[in-house]
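The values are calculated or read from the model by the stated rules, or taken from the named source; none is laboratory data. Note that this is a predicted model, so its numbers are computed, not measured. So basically every Cβ, Gly included, is an ideal-geometry build from the backbone, and we count neighbours across all protein chains shown. Quick note on the areas: whole protein, heavy atoms, side chains included, nothing else; ligands and nucleic acids left out. Shrake-Rupley method; radii C 1.70, N 1.55, O 1.52, S 1.80 Å.
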Amino acid sequence: MVSTVALQLVAALALFLLGLEELSRTLRALESVRVREWLARLSGAPWLALLTGLWVTALLDSSSAVIVLLIALVDSRTLAFENALGIVLGANIGTTVSSQIIALNVGRLAPVVLLVGVIGQLLVHSERMALRFRVAIGVGLIFTGLEQLEAALQPLREAPAVLAWLDSLTDPARGIFAGGLLTLVIQSSSATLGVAIQLCIAGLMSLPAGVAVMLGAEIGTCADTLVASLGRSRAALRVAVFHLLFNVVSVVLGALCIGSLVAAATALSPAAGPGRQLANAHTLFNTVAAVLVLPLLPWAARALGRAIPDRGEPQPSCAASSQS
């Protein structure tokens, strides 16, 4: 039974990841030029940069994609390093949109969404319209993966060892380690949150354990941006380091206040199940952390500038900074 359940879980997760990749890649193809322009122009003030990062990440459904794009823009001196920091904060909030959608538990809509996407792509002749129907295919694959994941988790109710291990994740250190490791392996914090939310919905994971796993995913997601900064300019490296430090510090503080975070998420939707409450905790945690750090961005930029100084590299031009 264990091997069968494991295979079903792997297949469900693969479908979910495939849907995420298809959705993210298609949205980037649709909006790549506009997104670059928006990121470069709408980041002059920290609060505006935060809002820009929020809705661009919600649009592209990937905070890693947005931050990797930021690193490329800063490396090419299209965007000033200082202006990128607010967008990083906004991207951390924007990534919580996917967890809210996952918590809706809309897997039963998957066949309809997939059918609309496939038929639409076959019938249209416009490349741009075909891309829009591919968005529906990506969403349908995500919903299918969630539905399959929910079905695959059911037999685990009869596995005491698995239940005991999931219960042990209530310990913040274990939960954070598990969430970080899973995110590092599958390279998707959204997928980690998807698994945790489904476990909560199935009654296999408690809300405190889910919150701990969510905190770990916040650290694991930094791997992509650190890799993307290798071989880049010092300014681009500062963006990746800021992302890592912000996530690590906020996760440490979140772990110390995990009881309050669980209580607040429960209070936001007391009648909802733990899946919705975990999505609420994700949104609440990232939003509060970003808002608290926003006024400190000028200080953070100066500190990172001293810690990672330039090595004779040209600074962003005045024109590029004014556009930002």
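Screening the candidates Leu278, Leu284, Leu253, Leu294 for the property of being open to solvent by less than 30 Å² (accessible area, probe 1.4 Å), of a type in the set (A, V, I, L, M) and touching a residue at least 12 places away in the same chain (Cβ under 8 Å) yields one hit, Leu278.
Filtering region 82-102 to residues that are open to solvent by 10 Å² or more (accessible area, probe 1.4 Å), of a type outside the set (D, E, K, R) and touching a Pro at 6+ places or on another chain (Cβ under 9 Å) leaves only Asn83. Would you please name the residue that is modelled with the lowest pLDDT, looking only at residues in region 44-61 that are open to solvent by less than 30 Å² (accessible area, probe 1.4 Å) and within 26 Å of Leu17 (Cβ to Cβ)? Only one residue tops the list, namely Leu60.
Counted as qualifying within region 71-153 are the helices (runs of 4 or more DSSP H) with 2 or more residues that are farther than 21 Å from Thr221 by Cα, namely 81-94, 110-123, 127-153. Output yes when any residue across region 168-177 is within 30 Å of Val248 (Cα to Cα), open to solvent by 20 Å² or more (accessible area, probe 1.4 Å) and among the aliphatic types (A, V, I, L, M), and no when none is. Scanning region 168-177 turns up at least one residue that is within 30 Å of Val248 (Cα to Cα), open to solvent by 20 Å² or more (accessible area, probe 1.4 Å) and among the aliphatic types (A, V, I, L, M). Sort through Ile87, Ile93, Ile102, Ile137 and tell me the only one that's touching a residue at least 60 places away in the same chain (Cβ under 8 Å), of a type in the set (A, V, I, L, M) and in contact with a Ser or Thr (Cβ under 7 Å, 6 or more places away or on another chain). Exactly one residue qualifies, and that residue is Ile93. For region 215-250, the set of residues classified as in contact with an Asp or Glu (Cβ under 8 Å, 6 or more places away or on another chain) and either open to solvent by 50 Å² or more (accessible area, probe 1.4 Å) or not hydroxyl-bearing (Ser, Thr, Tyr) (or both) consists of Arg232, Arg234, Ala235, Ala236, Asn247, listed by residue number.
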